[in-house]
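Have a look at the structure below, then the notes.
Values quoted throughout were computed directly from the atomic coordinates according to the rules given, and no laboratory measurement underlies them. On a predicted model such as this, the values are computed, not experimentally measured, just so you know. Heads up, the Cβs are rebuilt from the backbone with ideal geometry, glycines too, and the neighbour counts pull from every protein chain shown.
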Amino acid sequence: MAMLTINNLDVHYGVIQAVRDVSFEVNEGEVVSLIGANGAGKTSILRTISGLVRPSNGTIQFEGKDIHKTPAQKIVASGLSQVPEGRHVFPGLTVMENLEMGAFLRKNREENAQNLKKIFARFPRLEERKGQDAATLSGGEQQMLAMGRALMSQPKLLLLDEPSMGLAPIFIQEIFEIIKDIQKQGTTVLLIEQNANMALSIADRGYVLETGKVILSGTGKELLASDDVRKAYLGG
Ligand code: ATP
């Protein structure tokens, strides 16, 4: 059974239709990448899955349950966590406080402490900076903090919105390695990216979006090798 199933999704903002009849699925244990140019509808799909935007048509099922009418905080509590585009760490709070915010639904202190240890092991840079105001972190460090914060809720499915955006190449490499590592530890990942090369290299499967529609799908390897994808997204 698929962990996440999207069927015939439409999203409108007033008269503008951002997502058109989109269907796809994410199976347990996979990294699935949605790629597409600016305005293709990637963020709209992610925000609809997390309950921040309501679809005008279609259904979203998470572990067999309809969630497209479920309040966003209940969706998080059911095991689905989103790292928004642009990170959005809480300024004025320390790195540690930001991480603690991610665990606000998790009341088991022992479990949270164990989880925090794992997150610091994966992001040693965050441990070094745990007392630092989150606003003063570099872009790459903020991305790590936003991912660490999402992992504090121990999600089954992690949604990542353009984690590579605005980062130096060395950080991009590191972030994608961390995503693979998160998958290895048992978390399923849905990744949306404009960096098609990286996103498809680490993906089990991918979908290509254009003006709100899925125009192509396949394994990460197939899409990387596809002439259409190469021409449109990988510079020839
Ligand atoms: P990007 O990579 O630039 O973030 P995207 O693929 O994530 O693009 P969306 O952000 O989902 O695309 O946007 C899809 C379309 O919906 C765009 O035409 C955008 O202008 C429009 N849109 C997005 N949010 C809103 C909104 N709140 N109100 C009106 N139109 C919106």
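If you wrap the tightest convex hull around every Cα atom of the stretch 129-236 and split its volume per residue, you get 121 Å³. Helix 109-122 and the longest principal axis of the Cα set of the chain meet at an angle near 70°. The stretch between Gln132 and Lys74, if pulled fully straight at 0.36 nm per residue, gains 17.8 nm over its current Cα-Cα span. Rounded to the nearest 20, the Cβ-based charge dipole of the stretch 1-76 about its Cα centre (Lys and Arg +1, Asp and Glu -1) stands at 340 debye. Mind checking which of Leu126, Thr188, Ser164 is farthest towards the positive end of the stretch 77-203's charge dipole, using Cβ charges of +1 (Lys, Arg) and -1 (Asp, Glu) about the Cα centre? Farthest towards the positive pole: Thr188. Note on the stretch 61-216: lysine pairs with Cα distance below 19 Å, sequence gap of 8 or more or different chains, count 17. Spin-label model, Glu110/Lys221: points 7 Å from Cα along the beta carbon direction are separated by 4.4 nm.
Measuring r between the beta carbons of Asp181 and Val15 and using R0 = 41 Å, the FRET efficiency lands at 0.45. Since only Gly86, Phe62, Asn98 are under comparison, the one whose Cα sits farthest along the positive direction of the charge dipole of the stretch 60-149, derived from C-beta charges on Lys, Arg, Asp and Glu, is Phe62. Dipole orientation for the stretch 25-184: of the candidates Leu137, Gly148, Val76, Val76 has the Cα lying most toward the positive pole (charges on Cβ; Lys, Arg +1; Asp, Glu -1). A DSSP coil position with no more than 12 other Cβ atoms inside 10 Å describes none of the trypsin sites (Lys or Arg not before Pro) in the stretch 153-186. For Lys213 and Arg54, the difference between the fully extended length at 0.36 nm per residue and the C-alpha to C-alpha distance is 55.5 nm. About the centre of its Cα atoms, the chain shows a dipole size close to 420 debye [charges on the beta carbon of Lys, Arg (+1) and Asp, Glu (-1) only; nearest 20 debye].
Over all directions, the projected convex hull of the C-alpha atoms in the chain averages 12.5 nm² in area. Taking Cα centre as origin and charging only the Cβ of basic (Lys, Arg, +1) and acidic (Asp, Glu, -1) residues, the dipole magnitude of the stretch 103-143 rounds to 180 debye.
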